Amino acid sequence: MSEVSFYFDFSSPYGYLAAERMEEFESRVGVTVIWRPFMIGAAFKQTGQSPLLSQPIRGKYFRHDMERCARLQGTPFNIPDNFPYSALVPTRAFYWLESRSPALARRFAKDIYRGYFADGLDMANPENVFAAATRHSINPGEMRLAVESQRWKDRTREVTDEAIALGAFGSPFFFYEDEPFFGNDRLDQLEQWISLRRSTANSLPG
């Protein structure tokens, strides 16, 4: 089965909206989606970008657009008081969990996103991240140790560097066979591209 890489930051509203669509997208399109949280702030340092809502003129539009997109896809959504935040703890925790169970890591990621954008929890507070662990029968003490482990600090840095090297300058960012797609609103185009590539491959002489 072909793969789509899904790069996102846990403080990204559009990343959250995309994450809520991933399971259905994966099933409908017949691909495996590889979840890759990364630290978008590192990309911003290179592009000179600032968080969307802090940008003059554009900020007002994007707040309206985020809320509209959430309504249209039926996803609960609110801009948190501490938006955005540096999501080091949930990102490190994700990779620790992924080493045990990719499916569990995905469920945890969706819970972190929903806690932040739907329930208004301050995910910059590590205790709220560890509390999310208990809802998935994950030992919070083990997670607490894992996020301070050099192994998962290095893994987070490695994936962030990888994302930037590939050209991911925002969240969400998708790659299919090295073809880049930026934004939750590019999922339909991504699906069309995958279909086109498959049709082209099937039309080649055997």
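The values are calculated or read from the model by the stated rules, or taken from the named source; none is laboratory data. Computed from a prediction, not measured in an experiment: that's the story for all the values here. Every residue, glycine as well, gets a Cβ built from its backbone with ideal geometry; the counts of neighbours run over all protein chains shown. Accessible surface areas use protein heavy atoms only, side chains included; no ligands, DNA or RNA. Shrake-Rupley method; radii C 1.70, N 1.55, O 1.52, S 1.80 Å.
Filtered by the rule that a residue be open to solvent by 30 Å² or more (accessible area, probe 1.4 Å) and of a type outside the set (Ser, Thr, Tyr), region 126-140 gives 126, 127, 128, 131, 135, 136, 139, 140.
The set of residues in region 1-20 that are more than 21 Å from residue 83 (Cβ to Cβ) and open to solvent by 10 Å² or more (accessible area, probe 1.4 Å) comprises 1, 2, 3, 5. If you check 199, 171 for being among the polar types (S, T, N, Q) and either open to solvent by less than 40 Å² (accessible area, probe 1.4 Å) or in contact with a Leu (Cβ under 7 Å, 6 or more places away or on another chain) (or both), only one passes: 171.
To keep it simple, each residue is scored yes or no on (1) part of a loop (DSSP other than H, G, I, E, B); (2) under 18 Å from residue 5 (Cα atoms).
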{"site": "78", "(1), (2)": "yes, no"}
{"site": "82", "(1), (2)": "yes, no"}
{"site": "85", "(1), (2)": "yes, no"}
{"site": "89", "(1), (2)": "no, no"}
{"site": "95", "(1), (2)": "no, yes"}
{"site": "111", "(1), (2)": "no, no"}
{"site": "114", "(1), (2)": "no, no"}
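The set of residues in region 167-206 that are of a type in the set (A, V, I, L, M, F, W, C), free of Cβ contacts under 8 Å to residues at least 60 places away in the same chain and closer than 13 Å to residue 7 by Cα comprises 181, 182. Residues that are touching a residue at least 40 places away in the same chain (Cβ under 8 Å) and in contact with a Gly (Cβ under 8 Å, 6 or more places away or on another chain) are absent from region 24-33.
Could you please tell me which pairs satisfy a Cβ distance under 6 Å, a separation of 6+ or placement on different chains, a first residue in region 111-138 that is more than 13 Å from residue 82 (Cα to Cα), and a second residue that is open to solvent by less than 60 Å² (accessible area, probe 1.4 Å) and among the hydroxyl-bearing types (Ser, Thr, Tyr)? Cβ pairs passing all conditions: 113/16.
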